[in-house]
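Every read-out reported here was derived from the displayed coordinates using simple, explicitly stated rules and does not represent laboratory data. Bear in mind that the values here come from a model prediction, so they are computed numbers and not experimental data. Cβ sites come from the backbone with ideal geometry, for glycine too, and all protein chains shown count toward neighbours.
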Amino acid sequence: MEPADGDITLLLVRWKDGDPSAFDKLMPLVYPHLRQVAAAYIRRERNPDVLEATALVHELYLRLLSQRKVAWDDRRHFYTFAAKVMRMILIDYARASQTLIRGGGYEKIPLNDDLPWVDVGSPELLDLNRALDELSSLDPDKVQLIELRYFLGCTAEETASLMKVSKATVDRELKFIKSWLYRRIHPLATAKAAGE
Amino acid sequence: MEQRPERFLRIEAIFHEALAAPEEMRAKLVETRCQQDNALAAEVYSLLEACAAEERLTASRRWAAKVDQTHPPERKPE
């Protein structure tokens with residue numbers, strides 16, 4: 001079947017197959033929506049009643065599904081794409097925070113409760129971004145896992161379902177990746193502790 | 001140090017095996033698995049150390065967040 005104009009399914013497949021121009025074409029379809037999600041993320045300090053990024057992405061996905069712009073089996077590609085866009089938005093925010101820093105700097109709001117040593121808007125988030133770029137040449141699936149779990153805020157169970165692995169595998173992989181990222185971001189602390 | 005993906009996979013496999021082993025058995029396990037490849041063993045040890053340090057930092061941040069919740073810091077007037 002020939003895809004209709006603006007068919008997100010086709011773009012998602014092209015992006016998955018490594019066509020970078022597909023990413024740029026998909027971007028306007030989710031960017032405004034995800035910017036709102038990111039803004040809620042950033043404002044969530046001391047506000048337990050926050051918008052869940054994953055819930056909003058799901059809502060967007062269902063809307064596109066009802067418009068027949070995506071297919072059911074696009075779920076994984078759509079979420080991984082949305083997670084990548086969320087990473088870009090949050091990194092842009094961190095860069096802006098570092099450039100426009102005034103007085104006290106950024107608020108201490110962890111990117112994720114499971115990664116409480118990286119705050120939204122902090123220099124560590126920019127370090128994390130660089131470390132993830134490096135990790136992508138070693139194992140791109142691990143970067144996808146981090147984007148889903150920490151940038152989009154999926155639970156370990158949701159991440160496992162999207163990656164088609166068990167939750168135990170997600171937990172195990174995260175332990176290794178967090179260790180690798182920690183060492184990359186805090187090389188001196190790790191070297192000092194190892195030398196004790 | 002540049003790492004090839006196959007080596008990276010090997011490091012990860014030994015890392016998980018070592019974590020699953022009792023602490024007193026870890027050094028022996030790493031030595032056996034690394035087969036006199038000292039650089040590989042150093043890499044695994046360094047990641048095991050990073051794992052422990054990451055867990056310590058996570059625990060201390062969670063504790064600090066809990067304290068902040070029960071005793072919110074006073075905000076300075078604008």
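Table for the structure above
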{"item": "For A:Trp180, A:Trp15, order by how many other beta-carbon atoms lie within 10 Å, fewest first", "result": "A:Trp15, A:Trp180"}
{"item": "Under 24 Å from B:Lys66, Cα to Cα: lysines that are on another chain or at least 8 residues apart", "result": "A:Lys108, A:Lys175, A:Lys178, B:Lys76"}
{"item": "Global geometry of the protein assembly as shown, whether rounded, prolate or oblate, following the gyration tensor of its Cα atoms and the 1.5 cut on a/c", "result": "oblate"}
{"item": "Stretch gain in nm, segment A:Arg130-A:Glu157, where the contour uses 0.36 nm per residue and the Cα spacing is subtracted", "result": "7.1 nm"}
{"item": "Partner lysines for A:Lys25 [C-alpha distance under 23 Å; skip if fewer than 8 residues away on the same chain]", "result": "A:Lys16, A:Lys69, A:Lys84"}
{"item": "Estimated FRET transfer efficiency when R0 is 30 angstrom, pair A:Arg76-B:Glu17 (beta carbons, to 0.05)", "result": "0.55"}
{"item": "Burial ordering of B:Thr32, A:Thr99, A:Thr54, A:Thr169, fewest other beta-carbon atoms within 10 Å first", "result": "A:Thr99, B:Thr32, A:Thr169, A:Thr54"}
{"item": "Proxy reagent accessibility, fewest Cβ within 10 Å first, across A:Trp117, B:Trp63", "result": "B:Trp63, A:Trp117"}
{"item": "Theoretical FRET efficiency, 1/(1+(r/R0)^6), r = Cβ-Cβ of A:Ser137 and A:Arg63, R0 45 Å, to 0.05", "result": "0.80"}
{"item": "Rounded D (µm²/s) - region B:5-70, Kirkwood Rh over Cα pairs, Stokes-Einstein at 4 °C, 1.567 mPa s", "result": "98 µm²/s"}
{"item": "Crossing angle, helix B:38-70 versus chain B [Cα axis fit, 0-90 degrees, rounded to tens]", "result": "20 degrees"}
